[in-house]
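Coordinate-derived values only; no laboratory data. These numbers come from a predicted model, not from an experiment. All Cβ positions, glycine included, derive from the backbone under ideal geometry; neighbour counts span all protein chains shown.
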Amino acid sequence: MSPSAPIGVFDSGLGGLSVLHEIRQLMPHESLCYIADSHYAPYGEKPHTLICQRSIVCVDWLIEQGAKAIVVACNTATAAAIGPLRARYTLPIIAMEPAIKPAGEITRTGRVGVLATAGTLSSKKYESLLRQHARHISVISQACPGLVEVIESGDFSSVALRELLDQYLAPLRQAQIDTLILGCTHYPLIRSLITERAGEGVAVVESGSAVARRLQQQLAERDLLNLQAKPSPLRCWSSGELQTQQSLLQSVWGAPLLLHALPTFSYS
Ligand code: DGL
């Protein structure tokens, strides 16, 4: 495997771009391939078996593009599929999880809120994360059905978005949390809106930059960091409607990108 090979990243849609931004910032020389599996978004309320199948389709495609490492830029896909993915592939696979551990270290009051998808919060992985890192704190977990769909529509200033946020933040405000975890990669895309409504002095944390650092470390350990070569432009694939996806992805990424259709091939 050559250090100039790309890093493959996928999510159900736009959300993984929040992680991709962190990767680009930390490792500007790396070439990146991204899949927005938008036809299947949101993953959050879908059965774990389907998310597992979609994750395999995405990873197979990224490997076909020559990926040297994979980032599952999706908390829900990590919760549903990380075990099977790591059992199936030998290349490094870096995964997302809600930032319970860092939140436990920074909270002063011990009251921490988590916004995430129903799929993440109902998973065994989340249960074990809490058992491991949240014994000393009180965690209030809030599922956010509908939020990813509104973010996927690309209208970050809609009344519907503000209303949904207020609805989901109300129990957390009532519990007087001092730290809020964004446990879905879509939510950092509306971070300022969330911060402004979460309550005064509430620290908002997420895992994107930690994942980028872990990726860098894993590549360094394998001598796979691309330190010299000029990166090729971001290559993207989507399973959704291409024209809409092109403008959405481009506006969130903030630079021109070339979008292709993710070929439909069956899960094997
Ligand atoms: N962005 C994803 C996550 O981190 C998935 C959201 C969804 O499709 O429901 O959980």
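Using the Kirkwood formula on the Cα atoms of the stretch 10-97, what hydrodynamic radius do you get, in angstrom to one decimal?
Kirkwood radius, the stretch 10-97: 13.0 Å.
Which residues' amide hydrogens lie under 5 Å from the amide hydrogen of Val204, considering only partners 5 or more residues apart or on another chain, with H built in the peptide plane?
Answer set, sorted by chain and number: Leu180.
Based only on the alpha carbon positions, what is the Kirkwood hydrodynamic radius of the stretch 110-156, in angstrom?
By the Kirkwood definition, the hydrodynamic radius is 12.0 Å.
So if the hydrodynamic radius of the stretch 1-40 is defined as the Kirkwood radius over C-alpha pairs, what does Stokes-Einstein give as its diffusion coefficient at 25 °C and 0.890 mPa s, in µm² per second?
The Stokes-Einstein estimate is 229 µm²/s.
Rounded, prolate or oblate: pick one for the stretch 76-206, where a ≥ b ≥ c are the square roots of the eigenvalues of its C-alpha gyration tensor, a/c under 1.5 means rounded, and failing that, prolate if a/b is larger than b/c, else oblate.
Here the stretch 76-206 falls in the oblate category.
List the lysines whose alpha-carbon lies under 19 Å from that of Lys46, not counting same-chain residues fewer than 8 positions away?
Answer for Lys46, where 19 Å is the Cα cut-off: Lys124, Lys125, listed by chain and number.
Over all directions, what mean area does the Cα convex hull of the stretch 202-251 project, stated in square nanometres?
For the stretch 202-251, the mean projected area of the Cα convex hull comes to 6.3 nm².
Per the Kirkwood definition applied to all pairs of different Cα atoms, how many angstroms is the hydrodynamic radius of the stretch 161-203?
With all distinct Cα pairs of the stretch 161-203 included, I get 10.5 Å.
Please list the radius of gyration and Dmax for the stretch 60-129, considering alpha-carbon atoms only, with Å as the unit.
Just the Cα atoms of the stretch 60-129 yield Rg and Dmax of 14.6, 48 Å.
For the residues Tyr126, Tyr40, what sequence is obtained by ranking on other C-beta atoms within 10 Å, fewest first?
Ordered by Cβ neighbours within 10 Å, fewest first: Tyr40, Tyr126.
Using all C-alpha to C-alpha distances in the chain, build P(r) with 10 Å bins and read off the rounded percent in each one.
Distribution as computed: 7, 32, 36, 20, 5, 0 percent.
Setting aside same-chain residues fewer than 8 positions from Lys230, which aspartates and glutamates have a Cα under 12 Å from its Cα?
Here the aspartates and glutamates satisfying the reach criterion relative to Lys230 are Glu30.
Give me Asp166, Asp11, Asp223 ranked fewest to most by other Cβ atoms within 10 Å of their Cβ, as a rough exposure proxy.
In increasing order of surrounding Cβ atoms, one gets Asp223, Asp166, Asp11.
Can you tell me the Rg and Dmax of the stretch 148-224, counting just the alpha carbons, in angstroms?
Values for the stretch 148-224 (Cα only, Rg and Dmax): 15.6, 49 Å.
How big is the antiparallel share of DSSP beta bridges in the chain, given as a percent to the nearest 5?
0
Can you compute the radius of gyration and Dmax for the stretch 175-268, using only the Cα atoms, both in Å?
Values for the stretch 175-268 (Cα only, Rg and Dmax): 18.1, 50 Å.
Helix-derived [θ] at 222 nm for the chain: sum -39500 (n - 2.57) over DSSP H runs of at least 4, divide by residue count, nearest 500?
It comes out at -13000 deg cm²/dmol, rounded to the nearest 500.
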